[in-house]
Amino acid sequence: MTKTVAKLSISEHKRVNDDHFILTLKKDGVFPEIKPGQFVNVLVEDTDVFLRRPFSIHDADTKQQSFSLLIKAVGKGTKSLQSKKVGDTLDVLFPLGNGYSLQENNKVLLVGGGFGIAPLYYLAKQLKDKVEDIHLLVGARSAKHILLTEKFDGLATVHITTEDESLGEKGYVTNHSILEDDFDKIYTCGPHPMTKALALYALNREISCEVSLENMMACGYGVCLCCVAETKTHENVTTCLQGPVFNAKELQW
Amino acid sequence: MTKTVAKLSISEHKRVNDDHFILTLKKDGVFPEIKPGQFVNVLVEDTDVFLRRPFSIHDADTKQQSFSLLIKAVGKGTKSLQSKKVGDTLDVLFPLGNGYSLQENNKVLLVGGGFGIAPLYYLAKQLKDKVEDIHLLVGARSAKHILLTEKFDGLATVHITTEDESLGEKGYVTNHSILEDDFDKIYTCGPHPMTKALALYALNREISCEVSLENMMACGYGVCLCCVAETKTHENVTTCLQGPVFNAKELQW
Amino acid sequence: MVNLAINLNGLILKNPVILASGTAGYGYEYDDFIDVNQLGGVSVKGTTLHNRAGNAYPRMAETPKGMLNAVGLQNKGIDYFIENIYPRLQEYDTTMILNASGSTIDDYVALCEKANELEHIPAIELNVSCPNVKEGGMAFGVSCAGVSEVVKEVRKVYHKHLMVKLSPNVTDIVEIAKAAEAEGADSLSLINTLLGMAINAETQRPVLSTITGGLSGPAIKPVALRMVWQVSNAVNIPIVGMGGIMNTTDAIEFFLAGASAIQIGTANFINPQVSIEIINGIEDYLKKYNYTDIQQIIGKLKTT
Amino acid sequence: MVNLAINLNGLILKNPVILASGTAGYGYEYDDFIDVNQLGGVSVKGTTLHNRAGNAYPRMAETPKGMLNAVGLQNKGIDYFIENIYPRLQEYDTTMILNASGSTIDDYVALCEKANELEHIPAIELNVSCPNVKEGGMAFGVSCAGVSEVVKEVRKVYHKHLMVKLSPNVTDIVEIAKAAEAEGADSLSLINTLLGMAINAETQRPVLSTITGGLSGPAIKPVALRMVWQVSNAVNIPIVGMGGIMNTTDAIEFFLAGASAIQIGTANFINPQVSIEIINGIEDYLKKYNYTDIQQIIGKLKTT
Ligand SMILES: Cc1cc2nc3c(=O)[nH]c(=O)nc-3n(C[C@H](O)[C@H](O)[C@H](O)COP(=O)(O)OP(=O)(O)OC[C@H]3O[C@@H](n4cnc5c(N)ncnc54)[C@H](O)[C@@H]3O)c2cc1C
Ligand SMILES: Cc1cc2nc3c(=O)[nH]c(=O)nc-3n(C[C@H](O)[C@H](O)[C@H](O)COP(=O)(O)OP(=O)(O)OC[C@H]3O[C@@H](n4cnc5c(N)ncnc54)[C@H](O)[C@@H]3O)c2cc1C
Ligand SMILES: Cc1cc2nc3c(=O)[nH]c(=O)nc-3n(C[C@H](O)[C@H](O)[C@H](O)COP(=O)(O)O)c2cc1C
Ligand SMILES: Cc1cc2nc3c(=O)[nH]c(=O)nc-3n(C[C@H](O)[C@H](O)[C@H](O)COP(=O)(O)O)c2cc1C
Ligand code: FES
Ligand code: FES
């Protein structure tokens, strides 16, 4: 897994809703192998942004030599990226991190919260041939915050929760009835409270569970030690190099 | 002379040559009176620029509610301005400084070096009705560095020096034969060595001479005291508020 | 309604936003841009006993998100100030603060004695921290003994609000702050500029005529916040925080860290209306989080 | 041809560009991005006598043109280093420097004794300036007495190149530098991070788990340049300059100010290839101005 830093041109810029968008980036020349769960670190050339900004790889296409990012405009850097145009170039460090493991399984559950759904699409595509029965569970405040579930048609059975019951079951992903099913594995990505609840649920049920973390990063390639997570053995491990995907049972929750 | 800070839209962006361009800015609503020799202070929203950048007013049109700047791309800020497009807006502080005095005279000489020609165009236009005989003297390394003299057709008799004799007389503006004429007044703007030589020449010949300085500025409106010039009486005066135009005999050269 | 007024150990400000000395001029330079009377206060240009021409040009260098200055306390002296500038200041309805500098204790004392007579100026900001002139007070400001001595002597002759402005160029700002408090300072303002330098790699020369100068602007905000936090946890007099405040969010950070009022310096050069925008922004912040008084957020950083 | 090699008081560097400790990892993390063997040197992650887990997350805050870190010297201790990391470092043809930290004099001494045996590591960078852990050495680094004591004791057991890394969080860095020189330091590196703080105005909490942290990046360059200039005018041992170097121009400024070599820290996070770009840029600069040796610009700032 060789990392590179490259200037990539934006080949597509797709609006998802007011504050979510998908950027597709193309790379000429050698194109590295990309695993689901890996991420990129993007340089944002804007007055008030200094460090790079990390984003999960949402999809990748080796033939097209391209990959895409699903981004939520939350602050200075992401808003600046939102205003980029097709043809603009971005300086990107990639692919970073370890990625999810891709075992053969009977029935797995993918759980995404917020932009945590980003890596799950590429993951579902890569699991397709290996897993019999893939389920996707996503939750949000209300129907209009549920993103991109239609992309999973033919890939996974989609389950939804909304806090206001405007779509799917009422409540949080952690209360959804699908969790009563027996899964061989859970893959998850999202805000800390959600991943934590799921990790504890999985540990409790003794289901193998891989969690992708979104810790704040400075370098993205393992040298600054800013992005650490604590393991069960009270060691601090880098989420950018040793993660972002961890086996839930290895971490201190 | 009320100063304002306003967001102005770029109504024209004209390339002069590889590194010179003219931006025309339009202001809606109240349009202040602008005197030749006054300048503006422009906010450049770029990663590596912090302070505003000052530019002389090259031309102004009260009816059109617009004015223009002649800018040389020398560094970060000016290069960023060069890449702006018609329709983009700039945050501008203006009009700043005192400006040249506009007396009636028989024969005056305007001398510009480098982008020091910028304020002389608007000056020539404003002097047109007041002065019988206006001469413009400009100098540069070679013919291709002589800018915009055609704009002065019908306003002033143009005299040129080039160091390589590719246009006009050979040498520097300070050697040009036109300086042997009798002038009632000299107006000048340009790099320090040139304005200094001219000021000394004028003082020597007892010709009234107004010099516009290009000192480095932080605020542009007289509060930081960073832009000072030294007077004959060893006082430090602000070039942004008490200048940028000074009577040559008041300064310490 | 939200209360923005601040009682700074007896000095009443209509709101906690003050223009910082050396970036405020005498206030009236801002008349074109803002209604100066809406400000909490104005700390006027650093004033000395005698006329000072200041340092030679160039006095300024741009740095990453900051600037260096080497003005060197250019001003015409306190007598000129009293005769020619003070009368104009009386027309304003905002708290005018005289920023006072000296090179000897006697100078400070003589200056402050005169300032004590100025009815419309209820406070001085004692600048013991100017890094740009040999006699700028930084010699006093970087040791406890120096600060103690100046504050003690000035306190004897100055009977109104005495704000002492601290230098960040020290190993331990807390001990300096305590020394000023012990000698009777009514409040502390911090930080003055960090000593820095800029070089032009093409000419191979320093950018400033004085080689080194004072660093201000957003670049220094993390250092300023840290010092405000440290000092506010160690003294009982109010603190006026500054250093790189560019917008409302920055201002709120200083209040949370323990500043009872703030000063806006370099940000004025980028936007001469920013002080008023910040006053409005503070009000909006307080409303948004359902506070009724600015006092409710001062020093309220949650650390547990 | 231009000579970029530097003799740093006996320590030979193939060029004057070193990756700064805490941003370099152990060098090999850069294999994907650059040819590490082209570097002048690598100052590896701060190492202590015993294993240290470091501070709790969050450890990082972005600031205007800079960042705060509060890593807290996370490392597995010198023995782990010798057994598991050192063997890999031997494969590189660049100058490997061990950044050494401690909380007591005994720790420093024990650590440096072990380091003395490492054939492929010709130098240690004695970190007496880490602001992020109570026992990070900054307690030593901010007083002359503290620095003298550590350097003196370490000097007894460490017989190779001893570089002492100075803290900028002091009133007078010159006196600290002189103390280190007097006790036998072979070179000085400066600056470590400035103590700073960041607050989240929405959560009203500090951004860092440790409240305060170390400020690095372009924001601190003016302070770093000033200190390098001051120290280089006061000592006779070579200086390794750092603090906010992002590009060739910044590097040249440090050489002019008196640094014989430089370290690249935070800039690596923005561009992991920047060190090599700077090495090439220095060569281009020297050629452009017709120099034949990097030595010809070191300390050559024109001030008259
Ligand atoms: C491994 C990884 C993968 C990620 N994948 C995605 C993705 O696929 N799509 C996506 O939209 N975002 C993703 N993020 C989060 C994304 O990096 C941040 O939203 C982004 O950096 C914010 O930048 P900004 O300049 O817009 O926000 P800022 O203006 O810097 O900050 C806005 C707010 O967001 C908070 N914030 C900033 N960075 C983070 C962070 N890393 N974690 C939590 N809060 C943060 C700040 O504290 C602040 O409150 C990922 C983060 C990591 C570490
Ligand atoms: C009153 C006034 C009027 C001006 N009028 C014009 C004008 O009409 N047209 C025009 O093109 N320029 C004009 N200038 C100069 C212009 O402001 C600078 O060229 C500009 O600020 C450079 O910005 P930058 O970010 O591109 O350069 P930077 O990247 O900041 O610097 C590039 C180089 O230019 C030097 N430099 C920067 N500012 C100045 C300055 N003010 N004087 C001298 N050297 C400087 C720097 O030291 C550096 O070597 C004027 C300046 C003043 C003070
Ligand atoms: C150009 C300039 C001149 C200054 N002059 C003074 C002064 O005369 N007296 C003083 O106490 N502080 C002076 N300062 C320091 C500021 O008041 C303030 O302490 C410092 O700039 C930090 O705040 P800022 O980052 O908001 O600018 C000056 C600052 C600048 C930029
Ligand atoms: C994340 C991080 C970790 C650091 N860890 C160390 C360390 O372990 N030992 C040390 O001496 N300096 C450490 N430093 C300080 C740097 O080596 C350097 O002195 C400082 O960052 C200034 O240089 P810069 O602005 O180029 O980053 C660290 C800096 C950063 C940003
Ligand atoms: S972000 Fe630097 S080690 Fe993970
Ligand atoms: S630029 Fe500030 S006083 Fe002239």
*Inspect all residues belonging to the range C:253-262 and state whether any of them is among the hydrophobic types (A, V, I, L, M, F, W, C), within 10 Å of another protein chain (Cβ to nearest Cβ), without any contact (Cβ under 8 Å) to a residue 40 or more places away in the chain and open to solvent by less than 10 Å² (accessible area, probe 1.4 Å).*
yes
_For the range D:59-77, give me each residue that is outside any strand (DSSP E or B) and facing chain C (nearest Cβ under 9 Å)._
D:PRO64, D:LYS65
*asked:* Can you confirm whether A:ASP91 is away from ligand 5 (no atom under 16 Å from the Cβ), within 13 Å of chain D (Cβ to nearest Cβ), part of a strand (DSSP E or B) and surrounded by fewer than 19 Cβ atoms within 10 Å (Cβ to Cβ)?
replied: yes
*Can we say A:GLY222 is small (Gly, Ala, Ser) and more than 11 Å from chain D (Cβ to nearest Cβ)?*
no
*Look at B:THR239 and say whether it is in contact with a strand residue (DSSP E or B) (Cβ under 6 Å, 6 or more places away or on another chain), more than 14 Å from chain C (Cβ to nearest Cβ) and of a type outside the set (A, V, I, L, M).*
no
*asked:* Being farther than 18 Å from C:ALA24 by Cβ and more than 10 Å from chain D (Cβ to nearest Cβ) is true for just one of C:THR249, C:THR303, C:THR292, C:THR266. Which residue is that?
replied: C:THR292
*asked:* Any residue at all in the range D:270-283 that's touching a residue at least 40 places away in the same chain (Cβ under 8 Å), of a type outside the set (A, V, I, L, M, F, W, C), open to solvent by less than 10 Å² (accessible area, probe 1.4 Å) and in contact with a Lys or Arg (Cβ under 6 Å, 6 or more places away or on another chain)?
replied: no
*Of B:PHE21, B:PHE31, which residue is under 19 Å from the mean Cα position of the chain (by Cα) and either outside the structural domain of B:LYS144 (by TED's automatic domain parsing) or not basic (Lys, Arg) (or both)?*
B:PHE21
*Mind checking which strands (runs of 3 or more DSSP E) fall wholly inside the range B:1-67 and carry at least 3 residues that are within 16 Å of ligand 1 (Cβ to nearest atom) and either within 14 Å of chain C (Cβ to nearest Cβ) or not β-branched (Val, Ile, Thr) (or both)?*
none
_Condition first: assigned to a strand (DSSP E or B), open to solvent by less than 40 Å² (accessible area, probe 1.4 Å) and more than 9 Å from every other protein chain (Cβ to nearest Cβ). Now tell me which residues in the range D:21-58 satisfy that._
D:GLY41, D:VAL42, D:SER43, D:VAL44, D:GLY46, D:THR47
*asked:* Yes or no: the range A:112-128 includes at least one residue that is exposed (fewer than 15 other Cβ atoms within 10 Å of the Cβ) and not in a strand (DSSP E or B).
replied: yes
_C:TYR86 being assigned to a loop (DSSP other than H, G, I, E, B) and open to solvent by 10 Å² or more (accessible area, probe 1.4 Å)_ = no
*Has the range C:223-240 got at least one residue that is open to solvent by less than 20 Å² (accessible area, probe 1.4 Å), closer than 28 Å to C:ASN3 by Cα and aromatic (Phe, Trp, Tyr)?*
no
*Unmet criterion (only one of (1) open to solvent by 10 Å² or more (accessible area, probe 1.4 Å); (2) assigned to a loop (DSSP other than H, G, I, E, B)) for B:TYR100*: (1)
_Checking the conditions here, which among B:TYR221, B:TYR201, B:TYR187 is within 16 Å of ligand 2 (Cβ to nearest atom) and closer than 21 Å to B:ASN106 by Cβ?_
B:TYR187
_Hits in the range A:225-236 (condition: open to solvent by 50 Å² or more (accessible area, probe 1.4 Å) and either within 11 Å of ligand 1 (Cβ to nearest atom) or more than 8 Å from chain D (Cβ to nearest Cβ) (or both))_ = A:LYS232, A:THR233
_A:MET217, sole failed condition from (1) of a type in the set (A, V, I, L, M, F, W, C); (2) modelled with pLDDT under 95; (3) within 15 Å of ligand 5 (Cβ to nearest atom)_ = (2)
_Single condition B:ILE71 does not satisfy, out of (1) within 9 Å of ligand 2 (Cβ to nearest atom); (2) not in a strand (DSSP E or B)_ = (2)
*What pairs come up if the first residue lies in the range A:32-60 and is at positive phi, the second is assigned to a strand (DSSP E or B) and within 9 Å of ligand 1 (Cβ to nearest atom), and their beta carbons are under 6 Å apart, counting only those six or more places apart or on different chains?*
A:GLY37/A:SER212
*What number of residues in the range D:173-201 are in contact (Cβ under 8 Å) with a residue 60 or more places away in the chain, closer than 30 Å to A:GLY75 by Cβ and either among the hydroxyl-bearing types (Ser, Thr, Tyr) or within 16 Å of ligand 1 (Cβ to nearest atom) (or both)?*
3
*Of all residues in the range A:25-69, which are surrounded by fewer than 16 Cβ atoms within 10 Å (Cβ to Cβ) and among the aliphatic types (A, V, I, L, M)?*
A:VAL30
_Can you go through A:LYS85, A:LYS72 and tell me which one is surrounded by fewer than 24 Cβ atoms within 10 Å (Cβ to Cβ), farther than 30 Å from A:ILE134 by Cα and not assigned by TED's automatic domain parsing to the domain that holds A:ASP133?_
A:LYS85
*Hey, any hits in the range B:199-216 for a residue that's within 21 Å of B:PHE115 (Cα to Cα) and within 16 Å of ligand 3 (Cβ to nearest atom)?*
yes
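The values are calculated or read from the model by the stated rules, or taken from the named source; none is laboratory data. Everything quoted here is computed from the prediction, not taken from an experiment. We place every Cβ from the backbone using ideal geometry, glycine too, and count neighbours over all the protein chains shown. Remember, those area values only see protein heavy atoms, side chains included, never the ligands or the DNA or RNA. Shrake-Rupley method; radii C 1.70, N 1.55, O 1.52, S 1.80 Å.
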